[in-house]
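Heads up: the structure comes next, in structure tokens.
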Amino acid sequence: MRLNVPVLDAAELAAVAEVLESGYLTQGARTRQFEAEIAAVTGARHAQAVSSATTGLHLALVGLGVRPGDEVVIPGFSFPATANAVVQQGAIPVFVDIRRDTFNLDPTHLEVAITERTRAIMPVHAFGLCADMDPINEIARRHGLPVLEDAACALGGVYRGRAAGSLGTAGVFSFHPRKIITTAEGGMITTDDDALAERIAVLRAHGAVRGELFMEFVDAGFNYRLSDVHAAIGLAQVQKLAAILDGRRRAAASLTARLADIPGVHTPSAPDGVEHTYQSYVVLLDDDIDRDAVIRAMRDRDVETTLGTYGMHLQPYFRERFGIPDSALPETTHAHHQALTLPLYPQLTDDDLDVVARALRESVATSTRETA
Ligand SMILES: Cc1ncc(COP(=O)(O)O)c(C=O)c1O
């Protein structure tokens, strides 16, 4: 059983064929329609399609005025693209520890991470659960800093009545096949800030603005556009968004009920007022369970699992460059070693979920660490 299977059918095939037959392939009408759909879903004034969440994060950081040598505060526990986007701008990622119960940035550790070189705060909505944005926004406001949501996994997530992507100065979604909806590769930047949206529009397409006859290059921009081929897939996908979210939430509730009595396995949940997308269903295992042995035992039972996500300070590039000790990020380090992602997608049947639960129960039972 695979970890994730995108929900694709004849609608995406027809949408792609239509674009190919039109002969207009790059950013155009389909992209504009897709952007309008995501703006409607998130309630943001502007939604701008990009080639991935990684390029979207980079572009948003540039648009927000982050420059080489600046610091950007991010949680320690994320897919390393979060930190890579900061490094690509020549800036320094400053890692903050997470909360054990949500895997999200712990706001009680945020303020001490802010220095005079801090230019932005970038919370991640881990696995589709919105970070605790009220205290984060309050600290950011006090320090005059913009907040960029890494909402890669959180399309359809809700925090206290407001949609992910509309909770900070700007937000960025991913449409990689493991995300809520997919365009194969792709992303979207959302913001209510007109001036930021304008800068992003120019920088996204070579730094060019249209003159009467020719383009004029007013900045050394990027080519981070999404093609209409990809946008057409996204348009077909966004029609399924409500059903996909509903399916993921139902499957998550069913799986949680099946795992409830497995000793040492802590299932995910959402704080009051927060709606999880369950882009990934991630459990935390007690320390006496060898997570990597569980992954191997699950594989032997034909069930694909993986780690939760990465303690970025443990990855070779960040370890060698910044040398952050595990003791500075204890919860991040713990989650890196003990979190486990299980298969979860709307197409899973009750029988499939029984298979996952049984495989986990058996795998945990045979993966106990020798204790001294
Ligand atoms: C939290 C987070 N941020 C950023 C990314 C990068 O997304 P993309 O693959 O669209 O560049 C991912 C992808 O896995 C992610 O999980």
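Between Arg296 and Tyr24, the simple label model (points 7 Å from Cα in the Cβ direction) yields a spacing of 5.6 nm. Per-residue 3J(HN,Hα) values for segment 263-279, derived from phi via the Karplus relation 6.51 cos²θ - 1.76 cosθ + 1.60 with θ = phi - 60°, read x, x, 10, 9, 8, x, 8, 10, x, 3, x, 10, 9, 6, 8, 6, 4 Hz in sequence order (x marks Gly and Pro).
Tell me the chymotrypsin sites (Phe, Trp or Tyr not before Pro) within segment 208-276 that lie in a loop according to DSSP and have at most 11 other beta-carbon atoms within 10 Å. Here the chymotrypsin sites (Phe, Trp or Tyr not before Pro) that fit, given the DSSP loop and packing criteria, are Phe214. Note on segment 10-238: antiparallel DSSP beta bridges, both residues inside, total approximately 55 percent of the bridges counted.
Rg ratio for segment 12-135: its Cα radius of gyration over 2.2 N^0.38 Å, N being its residue count, equals 1.28.
For Thr118, the amide hydrogen comes within under 5 Å of the amide hydrogens of Glu71, counting only partners 5 or more places away or on other chains and with H modelled in the peptide plane. Given a 10 angstrom Cα cut-off, can you work out which residue in Asp150, Asp272, Asp70 is the most mobile in a GNM of the chain? The residue with the greatest mean-square fluctuation here is Asp272. At the listed q of 0.07, 0.11 Å⁻¹, the Debye profile of the chain, built from one uniform point per Cα, gives log10 I(q)/I(0) equal to -0.31, -0.76.
Of Gly273, Gly171, Gly207, the residue with the greatest mean-square motion in the GNM of the chain, using alpha carbon springs below 10 Å, is Gly273. Once you have a ≥ b ≥ c as the square roots of the Cα gyration tensor eigenvalues for segment 131-202, tell me rounded if a/c is under 1.5, and otherwise prolate or oblate according to whether a/b is larger than b/c. Here segment 131-202 falls in the oblate category. Taken about its Cα centre, segment 241-365 carries a charge dipole of about 280 debye when Lys and Arg each add +1 at the Cβ and Asp and Glu each add -1 at the Cβ. Shown here for segment 133-225: GluC sites (Glu not before Pro) in loop regions (DSSP other than H, G, I, E, B) with at most 10 other Cβ atoms within 10 Å, namely Glu212.
Between the residues His336, Gly76, Thr191, the greatest Cα displacement towards the positive end of the dipole of the chain, with unit charges on the Cβ of Lys, Arg, Asp and Glu, is found for Thr191. Restricting the calculation to alpha carbons of segment 237-370 gives Rg and Dmax of 16.2, 50 angstrom. About the centre of its Cα atoms, the chain shows a dipole size close to 340 debye [charges on the beta carbon of Lys, Arg (+1) and Asp, Glu (-1) only; nearest 20 debye]. Helical content of the chain, expressed as a calculated mean residue ellipticity at 222 nm, amounts to -11500 deg cm²/dmol (DSSP H runs of 4 or more residues, -39,500 (n - 2.57) each, divided by residue number, nearest 500). 3J(HN,Hα) couplings calculated from phi for segment 99-106 with the Karplus curve 6.51 cos²θ - 1.76 cosθ + 1.60 (θ = phi - 60°) are, in sequence order, 8, 5, 7, 10, 6, 9, 2, 8 Hz; Gly and Pro show x. Annotation for segment 132-205 versus segment 231-308: alpha-carbon center distance of 23 Å. Once both labels are positioned 7 Å from their Cα atoms along Cα-to-Cβ, the gap between Leu3 and Thr366 label points is 2.2 nm. Between Ala120, Ala208, Ala163, the GNM of the chain built on Cα springs shorter than 10 angstrom shows Ala208 fluctuating the most.
Evaluated with a Cβ-only charge set (Lys, Arg +1; Asp, Glu -1), segment 206-251 carries a dipole of roughly 540 debye about its Cα centre, given to the nearest 20.
Volume per residue for segment 1-51 equals 123 cubic angstrom (convex hull of Cα atoms).
Every number here is computed from the coordinates shown, using simple stated rules; none is lab data. Not measured: the values here are computed from a predicted model. All Cβ positions, glycine included, derive from the backbone under ideal geometry; neighbour counts span all protein chains shown.
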